[in-house]
1. If residue 257 satisfies all but one of (1) farther than 20 Å from residue 166 by Cα; (2) touching a helix residue (DSSP H, G or I) at 6+ places or on another chain (Cβ under 8 Å); (3) surrounded by 14 or more Cβ atoms within 10 Å (Cβ to Cβ); (4) not polar (S, T, N, Q), what's the number of the condition it fails?
2. Have a look at 266, 208 and point out the one that is aromatic (Phe, Trp, Tyr), under 18 Å from residue 129 (Cα atoms) and crowded, with 19+ Cβ neighbours inside 10 Å.
3. Considering each residue of the range 239-253, count those that are surrounded by 12 or more Cβ atoms within 10 Å (Cβ to Cβ), at negative phi and in a helix (DSSP H, G or I), and give that number.
4. Identify all residues within the range 13-48 that are farther than 22 Å from residue 87 by Cβ and either buried (at least 21 other Cβ atoms within 10 Å of the Cβ) or among the acidic types (Asp, Glu) (or both); write none if there are none.
5. How about the range 156-177: which of its residues are over 21 Å from residue 119 (Cβ atoms) and surrounded by 22 or more Cβ atoms within 10 Å (Cβ to Cβ)?
6. When you check residue 224 against the structure, is it out of contact with any Phe, Trp or Tyr (no Cβ under 9 Å at 6 or more places or on another chain) and either crowded, with 17+ Cβ neighbours inside 10 Å or part of a helix (DSSP H, G or I) (or both), yes or no?
7. Regarding residue 93, is this residue crowded, with 18+ Cβ neighbours inside 10 Å and farther than 30 Å from residue 252 by Cβ?
8. Give the range 16-39 a look and list any residue that's in contact (Cβ under 8 Å) with a residue 24 or more places away in the chain and closer than 16 Å to residue 103 by Cα, or say none.
Amino acid sequence: MEQVLRPIYQERASSPETLGVILVEKRGTGDPITDTFDEIMLIITSNEETPIYTKHYSDGSGKAAMHVISEKQLRKWLLLGTRRKVVDWLFYGKIFFDRNEFVEGLKKELREYPFYGRKLKMGIELSRLVRVYMEGKMFFEQLNYMDAYHYAIQSLHHLARLTVIEKGYAPEVTVWTQVKKIDPAIYKLYEELIMSEEPIEKRLELLFLASEFFIHNRTLDGARHIMDVMSEKETWTIQELHEHEELRMYSINLEVLIEFLIEKGFIKIVESDSKNEYVFHRDYSVGY
């Protein structure tokens, strides 16, 4: 479909707001990298009015998707790791237009500064890991093994991503290929969960025991970002934490992470009087 799409991306490239145009071809039938489309056309723009604009095309025999993404939105995705396919698109796509070498510069930035935003990324991934681990363990203790298995898989996935980020790499869609090289012990844990012939309850028991060890070993590094933020002042209300520009990115997992870090001694509770003499305000400060 490249020839069919050419007039479209040429028109987009003529706009002064367009920073880059990348074409990604599918590598096989049902390729998840391209969302099963034959072609993905990624257009990066400086226009912030519509951060994400998507359009689908067909020429009768093939289909393509065009994604127009603002630079700000793209950088947010890269920082948070919420659109892992975008990393693959940037590195493996064919560049058709590159204003002032913006795309090449972005790729160079990702290669040469892999630790950019590392503490924030690790914090967000730790918060996700803690939530799904706790939910999975709860289901396991309730003997709901299939639900526990679902969350166990998720927790391992977040642990894998956390490990990759810790080593200074960007997690790819094929994150387990990365983990197999970076941390074989975590890969082995994943392998045993999904491939072992042991009863599911035994596999889950092993997983939750081992995960506790892996989480413990990564809590200090994973908590550095929120600890650095909280060091900016003596005490914080939960609302102030939610409204902080960077902590907003933790989304619904922020409070779970805070409670986890209280339990581990990284954050301490600061009580103060309220209008009701029987109830105290519960604020937070760095625990050490």
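1. Status for residue 257: all satisfied but (1).
2. Values: 208 fails: crowded, with 19+ Cβ neighbours inside 10 Å.
Every option except 266 fails the conditions.
3. Just the residues of the range 239-253 that are surrounded by 12 or more Cβ atoms within 10 Å (Cβ to Cβ), to begin with: 240-242, 244, 246-247, 249-251, 253.
Those left that are additionally at negative phi: 240-242, 244, 246-247, 249-250, 253.
So of that shortlist, the ones also in a helix (DSSP H, G or I) come out as 240-242, 247, 249-250, 253.
Going through the range 239-253 one residue at a time, the tally reaches 7.
4. Listed by number, the list holds a single entry, 17.
5. Residue satisfying the conditions is 156 alone.
6. Working: out of contact with any Phe, Trp or Tyr (no Cβ under 9 Å at 6 or more places or on another chain): yes; either crowded, with 17+ Cβ neighbours inside 10 Å or part of a helix (DSSP H, G or I) (or both): yes.
Answer is yes for this residue.
7. Values: crowded, with 18+ Cβ neighbours inside 10 Å: yes; farther than 30 Å from residue 252 by Cβ: yes.
Yes: the conditions hold for residue 93.
8. The answer is 17, 18, 19, 20, 21, 22, 23, 24.
The values are calculated or read from the model by the stated rules, or taken from the named source; none is laboratory data. In this text the structure is predicted, and so the values were computed from the model without any measurement. Here the Cβ is made from the backbone with ideal geometry for all residues, glycine too, and neighbour counts use every protein chain on show.
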